[in-house]
Amino acid sequence: MIHFLEIFSLVTGLVYVWLQVRQSNWMWPVDILSCVAATIVFIDDSLWANAGLNIYYCLMAIWGAYSWIRDSKKVSGGELHLKKLTKGVFLASFGIGLIGGAGLIMVLHLVGDPAPYMDGLIGILGVLGTWWLAQSYLENWLLWLAADTLGVVLCLTEGLYWMSALYLIYVAAAVWGWTNWRKNGVII
């Protein structure tokens, strides 16, 4: 069953990424399906931060859908709606990353996570990346590039080969998304 859920998460994750780069609102329900499957896979492997992160992704999908529908009305046809990442948001995110990451790693040690540092770093990058994505900051792609690269390594070391393939595709999608959003994005 777990291998089926890994493959399901891979397939729905591919659809999600394609929709995400195109900034389609349909990405959000597809994201929920993919994240529910991934949550079960990560719980089965005791990778608690990634399991929790996928629950967070499900919740953020609701906020993201609302935010994107609202912001998409502010641009025309083929343009992508972007917001400017301010210095304040960057500094707050950096602080949250340091404090939240350290706290998460300590908790992961306590619960016996097999890779607390890697799992924790991916977790905090994913939290921030999802928030930045929901806000339509172009720079969300840089956080995803880092988180997904680490995700490939984590999943390979844990024997989650289908999930590592998904994260490898996410790495390529982060490069594609960065390029596409820079080319077609409009700051609103």
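Inclusion of ALA61 among residues that are assigned to a helix (DSSP H, G or I), over 23 Å from VAL153 (Cα atoms) and in contact with an Asp or Glu (Cβ under 8 Å, 6 or more places away or on another chain) is warranted. Residues that are more than 27 Å from PRO29 (Cα to Cα), in contact with a helix residue (DSSP H, G or I) (Cβ under 9 Å, 6 or more places away or on another chain), free of Cβ contacts under 8 Å to residues at least 40 places away in the same chain and crowded, with 20+ Cβ neighbours inside 10 Å do occur in the range 118-137. Just give me the residues in the range 43-61 being more than 14 Å from the chain's Cα centre (by Cα) and in contact (Cβ under 8 Å) with a residue 24 or more places away in the chain, in sequence order. Matches in the range 43-61: ASP44, ASP45, SER46, LEU47, TRP48. Is at least one residue of the range 102-115 modelled with pLDDT under 95 and either among the aromatic types (Phe, Trp, Tyr) or in contact with a strand residue (DSSP E or B) (Cβ under 7 Å, 6 or more places away or on another chain) (or both)? No, the range 102-115 contains no residue that is modelled with pLDDT under 95 and either among the aromatic types (Phe, Trp, Tyr) or in contact with a strand residue (DSSP E or B) (Cβ under 7 Å, 6 or more places away or on another chain) (or both).
Applying the criterion of at least 1 residues that are more than 25 Å from THR12 (Cβ to Cβ) to the helices (runs of 4 or more DSSP H) found wholly in the range 85-167 leaves 87-110, 116-134.
Going through (1) without any contact (Cβ under 8 Å) to a residue 40 or more places away in the chain; (2) in contact with a helix residue (DSSP H, G or I) (Cβ under 7 Å, 6 or more places away or on another chain); (3) aliphatic (A, V, I, L, M) one by one, MET106 falls short only on (2).
Which residue out of ASP31, ASP113 is of a type in the set (D, E, K, R), crowded, with 21+ Cβ neighbours inside 10 Å and free of Cβ contacts under 8 Å to residues at least 40 places away in the same chain?
Values: ASP113 fails: free of Cβ contacts under 8 Å to residues at least 40 places away in the same chain.
Sole residue among the options that is of a type in the set (D, E, K, R), crowded, with 21+ Cβ neighbours inside 10 Å and free of Cβ contacts under 8 Å to residues at least 40 places away in the same chain: ASP31.
Give the residues of the range 64-79 that are touching a strand residue (DSSP E or B) at 6+ places or on another chain (Cβ under 7 Å) and not hydroxyl-bearing (Ser, Thr, Tyr), sorted by residue number.
Looking only at the range 64-79, we keep the residues that are touching a strand residue (DSSP E or B) at 6+ places or on another chain (Cβ under 7 Å), and these are 71-72, 74-75, 79.
Those that are touching a strand residue (DSSP E or B) at 6+ places or on another chain (Cβ under 7 Å) and not hydroxyl-bearing (Ser, Thr, Tyr): ASP71, LYS74, VAL75, GLU79.
Residues in the range 1-26 that are assigned to a helix (DSSP H, G or I), among the aliphatic types (A, V, I, L, M) and surrounded by fewer than 18 Cβ atoms within 10 Å (Cβ to Cβ): ILE2, ILE7, VAL11, LEU14, VAL15, LEU19. Here LYS87 fulfils each of the conditions (1) in contact with a helix residue (DSSP H, G or I) (Cβ under 9 Å, 6 or more places away or on another chain); (2) more than 28 Å from GLU158 (Cα to Cα); (3) among the charged types (D, E, K, R) apart from (1).
The values are calculated or read from the model by the stated rules, or taken from the named source; none is laboratory data. Since the structure is predicted, the reported quantities are computational estimates derived from the model, not experimental observations. Because the Cβ atoms are built from the backbone with ideal geometry, glycine has one as well, and the counts that use them run over all protein chains shown.
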